[in-house]
Amino acid sequence: MTRDEHDIQTPFSLRIFVADGDSDGLRIVDKSNWIGKALVFPLALLQQRTVRSELAQTGVYLLLGPRPDGDGDMLYVSEGDPIRPPAGEPDVV
C-alpha cells in the first residue's frame, strides 16, 4: 500500500447542540457513525452533570475551567461508559 491509501479519511459530520442556549455552557456533540456523545462544559457546571440523560451514554467529556494559579484556562478530558464522571473526579478543583 502507498502512503496515500493509508491517508484516505472517511468523511463525517459533527452536530453541536447548545443545550441551555448559552454558547459558553453545556455543548453536546454528535459525530456521524458513532453511538457515543461528547459533552463540553465549564467546570462550574460539574455539579449539574447528573441531570442530563446523555451522561448515561458512552462518550467523552471536556471540562473547561480556570487554572489554579489564575493564569488562563485549563482543559480536563476524560471518557466513560457511561460519560458521567465518578464522584470526586476530576481532581481539578
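The values are calculated or read from the model by the stated rules, or taken from the named source; none is laboratory data. Owing to the predicted nature of the structure, the values given are computational and were not obtained by experimental measurement. Cβ placement follows ideal geometry from the backbone for every residue including glycine, while neighbour counts extend to all protein chains displayed. Protein only, heavy atoms only, side chains kept; ligands, DNA and RNA dropped before computing areas. Shrake-Rupley method; radii C 1.70, N 1.55, O 1.52, S 1.80 Å.
So here's what we get for this one:
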read-out: In the stretch 70-92, residue modelled with the lowest pLDDT [restricted to those that are part of a strand (DSSP E or B) and farther than 17 Å from residue 58 by Cα]; value: 76
read-out: Residue 9 being open to solvent by 70 Å² or more (accessible area, probe 1.4 Å), modelled with pLDDT under 80 and among the polar types (S, T, N, Q); value: no
read-out: So residue 25, is it modelled with pLDDT of 85 or more, in contact with a helix residue (DSSP H, G or I) (Cβ under 8 Å, 6 or more places away or on another chain), assigned to a loop (DSSP other than H, G, I, E, B) and open to solvent by less than 30 Å² (accessible area, probe 1.4 Å); value: yes
